[in-house]
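What follows is a single structure, written as structure tokens, with notes after it.
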Amino acid sequence: MIVCGDDGLAHRLAAELRGVYAEQVTLVVPPSGRRVRQPVVGRARAASAALLDRVVNAAVNRTGTSGEPASNEQVVEAPEITEAVLTEVGADRAAALALVYDDDETNIRAALTARRLNPRIRLVLRLYNRRLGQHIEELLDQTAAVASGDGDARGAGLDASTTVLSDADTAAPALAATALVGTSKVVQTEGLVLRAVERQPPRPGEVADPGLCTLALLSATSNDPAGADGSEGSGEHGPHLLPDEAAVAAATGRGTVVLEQVSYSGPSLPAGRGGVPPFASLFSRRLRWSLAGLVACVLALAVGLMIVTGEHPLYATYVTLLDLFGINDPAFHESTARQVLQLLSGLVGLLLLPVLLAAVLEALGTFRSASALRKPPRGLGGHVVLLGLGKIGTRVLTRLRELHIPVVCVESDPDARGMATARRLRVPVVLGDVTQEGVLEAAKIHRAHALLALTSADTTNLEASLYARSVRPDLRVVLRLYDDDFATAVYRTLRAAHPFALTRSRSVSHLAAPAFAGAMMGRQILGAIPVERRVLLFAEVDVAGHPRLEGRTVGEAFRAGAWRVLALNTSPPGRRRSEGASGEEDSAPASGLVWDLPPTYVLGAGDRVVLAATRRGLAELLGRRRRDRAGA
């Protein structure tokens, strides 16, 4: 396995492949001067951090006393990915290659080179441009099919498959759900929604609602404000993923994560109207009332003229309009009533001119400001304050607006990536440094429902969160923090200081790495749901070749703590279930998924199932299948 990248995702992905899947990994990183600080992973955090300046991979390996890297990882420094570098690291004979640079063009160029060197290599690309990613995925798959002589690379096998993922798309549903309902986790693909909900332990005499199934038991310290957030190293006090019925019954006093809803959400809502404001917003309320009053006056004058002259209503209206615009002959020899009506029509015409001029000016101003940034309305409340409109913030903003959630964004850079999206979606934006006084107040933080701090600087996110808590102690806060040690310390401190407020710390690379690792191993990962500081994966698996699945009933195939079959996929094999890089929702509903499988249903070799699995459980399924194939 080869992993190429220049940020924390590459190091997390390498650690995932080593620690969970026990794979031999070659990590290609930029030279030390151009590399960002790697995230700390594993138990030996302090020791590995001390060796950070001496050993390239010290932050991602469980090192020994000598400081040498683990035997199943090789680190290569290269300023850019060229054909010579790929040949040096063995791309011509590697099983899979992950290109997770933060630049789309770099990943595409390297992928084209790698596909030429090895048509059978499995490629996993990180691309932000979803539409481009869809075309690149199809192009690379077609190239592999032509080079291998197969008609369809995916149909022939997963060895030459290409998977394009976006860390922003992977993390956005979880971040948005955390801000909205705090404890909910959502995975969305092709309109398919998996909604998992954290539930507090039942009170004495109460019976907890089991939902569709119990996905996890929360850590024993989750209700302790000073307790550590559950992680891989929490032992028996940590979260218990995929427990059996006996474990759920015995876990008194512990919260649960249950699958509450599985439904088809339909295609994505339209993002906007191309900057064209709705008709009602063209004119102010006062101007609309003025126009309505003038119309009523015209109708009243037309009715009066019809009564006085006995003319047809249409003719009376026409004559009234002529009088209104001053283009009718004076009523010299008409009756007194007719002359009075003509004078009144002229007076209304004088009033109409400034009103029409004001309407034109307001409409022009509205169209001119349609592309400008909106300011938060005065009476806004119950909204989400989103800090940072970078790559992650833009995706989260789109998710929130698809759910019709009011959002106010705060961004210091007027040329940030997501500013165009905010204008298109007509979302209020406050320009300014969030650490400066008055910026969060301008975003109406005192009336907000939640704060999403998603800037790229940990200290900025922390400072903004602390200040927001000083304004609203009960505010729901979600922080994007890069370093695991820092995130854990912040989480515990904030929870101890504000025990009745919801605080969550999330790492984008922590959420995205399992999906990228699963794709490298040939698994189609539908999504990942964080359970405290662990991750539960949802994957689509072919039953054929898996002795733990094939020929067994759904009840027999369940393995506590490892995997659980949730649904049967009866759609054609060629149909993709993941949004991938394109982000385009499939217009066909997810009717090919059967969720209420009886425990006695026997899984056949031709079945494909959707299952929830831990990372190690998924690795065990894959490893067992590989060993069986090797023995055959």
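Values quoted throughout were computed directly from the atomic coordinates according to the rules given, and no laboratory measurement underlies them. Values in this document were obtained by computation on a predicted structure and should not be read as measured data. Cβ coordinates were reconstructed from backbone atoms using ideal geometry, including for glycine residues, and neighbour counts include every protein chain displayed.
What the table below lists for this structure:
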| read-out | value |
| --- | --- |
| Arg374 long-range amide H proximity, modeled H, under 5 Å | Val429 |
| Estimated vicinal HN-Hα couplings, Hz - the stretch 306-313 in sequence order (Karplus 6.51, -1.76, 1.60; Gly, Pro = x) | 5, 6, 5, 9, x, 7, 5, x |
| Highest-first arrangement of 353-362, 4-13, 102-111, 290-299, where packing means the average Cβ count within 10 Å | 4-13, 102-111, 290-299, 353-362 |
| Per-peptide average of other Cβ atoms within 10 Å, ordering 387-396, 239-248 highest first | 387-396, 239-248 |
| Simple spin-label estimate for Leu321 and Val360 in nanometres, 7 Å along Cα-Cβ | 1.8 nm |
| Amide H contacts under 5 Å for Lys444, placed H, 5+ residues apart | none |
| In sequence order, calculated HN-Hα J values of the stretch 298-305 (Karplus, 6.51, -1.76, 1.60; Hz; x Gly/Pro) | 4, 5, 5, 5, 5, 5, x, 5 |
| Amide H contacts under 5 Å for Ser412, placed H, 5+ residues apart | Gly432 |
| Peptide ranges 487-496, 562-571 listed from the most packed, as the mean C-beta count within 10 angstrom indicates | 562-571, 487-496 |
